[in-house]
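The values are calculated or read from the model by the stated rules, or taken from the named source; none is laboratory data. These numbers come from a predicted model, not from an experiment. We place every Cβ from the backbone using ideal geometry, glycine too, and count neighbours over all the protein chains shown.
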Amino acid sequence: MPTSRPPIVPLHALPVGQLADCFALLAEKTRQATREGKLYYACRFRDKLRSVTCIVWSDGPWFEACERTWKEGECYKLRVIYSEHERYGPQIELHNIRPVTDADSADGFDLRQLVESSRFSSENLWHDLMQFVQQQLAEPWRKLVLFLLNKYESKIKRLPASERQYYPFVGGWLEHTLSVCRLVAWLADYYRQYYSELQPPLNRDLVLTAAVLHEIGRVVELGEELAQPQPTVPGRLLGHLQLARDLIHEAASQMPELNAEHLLLLDHLILSYLTLPEWGSQRLPMIPEALILHHADDLDAKMEMYYRCLSRDNSPGPFTARDPILGRPLLKQRAI
């Protein structure tokens, strides 16, 4: 008698202790070793609502396939038993695995259920960003920004803002950039008025240009994978700040209206807004516009991370589970 197949269950709905099939995206594959030198891969599979760990040991049946053929950013059909470890969180014990095929759509495979995307339509975000640029920026800044946005439109619409930290989903670049632009516009207007005697006054066009382009380097830093773009060779060697500067200079070479001081100050904002060397910043902010961009960008990124942690946590008690990126749990149960 043939054995019946396990049920197909979404990864985020897998019950504890039950053998089941599911579809998942391989989000991460890292080769590691124990203190005794035993090799293993720490893999992370995910769908839109859950991320699970799978340890593939060197003496297990899946090590060679994991090392040679499993690829980050690709989708797989898994046969697993799901568990929740008190210390290490959601885990799966792997019983079978293969890449998804076209035939899997009949069993419910849908890439949109595995790939996280912005709450907002990429087309709407793009429209709002273009409208912002047209209305808020003067020439020659507007010409530079529109040239770069239009050149990379198709990729921008699907890019995350970062690999894993903030807005790490399709449309994340647009959502984050538009939010930062709105914050920067408000802060620039506020401080231009508050420090009206400052000479020279805060350059609103300069800081807004940097707000739109501060992560334009992601179009070169990250690859073409739809599900989860991986860093390119230039991305790993240089990072998105230096790549952004290179893209800006390449575009500006066709625009004599942008003089040397325009580019020098814009370079400084792009290379310094992250502030900390460990985040990739090459210089500390030395002009007030760079300070505005830094705090707007940092606040927006952190708020998205807080929102994602608070809105998705299912752990019992008044606090969320410890967020690995934020490095802390968050209070989620409160009366006010």
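For Asn203, the conditions (1) within 25 Å of Ile325 (Cα to Cα); (2) in contact (Cβ under 8 Å) with a residue 24 or more places away in the chain; (3) among the polar types (S, T, N, Q) all hold with the exception of (1).
Close contacts from region 9-34, counting a first residue that is on the phi > 0 side of the Ramachandran plot and a second that is of a type outside the set (A, V, I, L, M), with Cβ to Cβ under 7 Å and a gap of 6+ residues or different chains, come to Gly17/Ser83.
The number of residues in region 149-161 that are more than 19 Å from Gly223 (Cβ to Cβ) and surrounded by 17 or more Cβ atoms within 10 Å (Cβ to Cβ) comes to 1.
Identify all residues within region 265-276 that are in a helix (DSSP H, G or I) and either modelled with pLDDT under 90 or of a type in the set (D, E, K, R) (or both); write none if there are none. Result: Asp267, single match. Criterion first (touching a residue at least 24 places away in the same chain (Cβ under 8 Å) and in contact with a Ser or Thr (Cβ under 9 Å, 6 or more places away or on another chain)) does Ser281 satisfy it? For Ser281, the condition - touching a residue at least 24 places away in the same chain (Cβ under 8 Å) and in contact with a Ser or Thr (Cβ under 9 Å, 6 or more places away or on another chain) - is met.
Can you give me the number of residues within region 193-230 that are surrounded by 15 or more Cβ atoms within 10 Å (Cβ to Cβ) and part of a helix (DSSP H, G or I)? Going through region 193-230 one residue at a time, the tally reaches 14. In region 81-103, the residue that is nearest to Leu114 (Cα to Cα) out of those that are touching a strand residue (DSSP E or B) at 6+ places or on another chain (Cβ under 6 Å) and of a type in the set (A, V, I, L, M, F, W, C) is Val100. Condition check for Gly73 on (1) at negative phi; (2) out of contact with any helix residue (DSSP H, G or I) (no Cβ under 9 Å at 6 or more places or on another chain): one failure, at (1).
Let's see how each residue does on (1) at pLDDT below 95; (2) surrounded by fewer than 21 Cβ atoms within 10 Å (Cβ to Cβ):
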residue: Ile248; (1), (2): no, no
residue: Asn259; (1), (2): yes, yes
residue: Glu278; (1), (2): yes, yes
residue: Gln282; (1), (2): yes, yes
residue: Ile287; (1), (2): no, yes
residue: Ile292; (1), (2): no, no
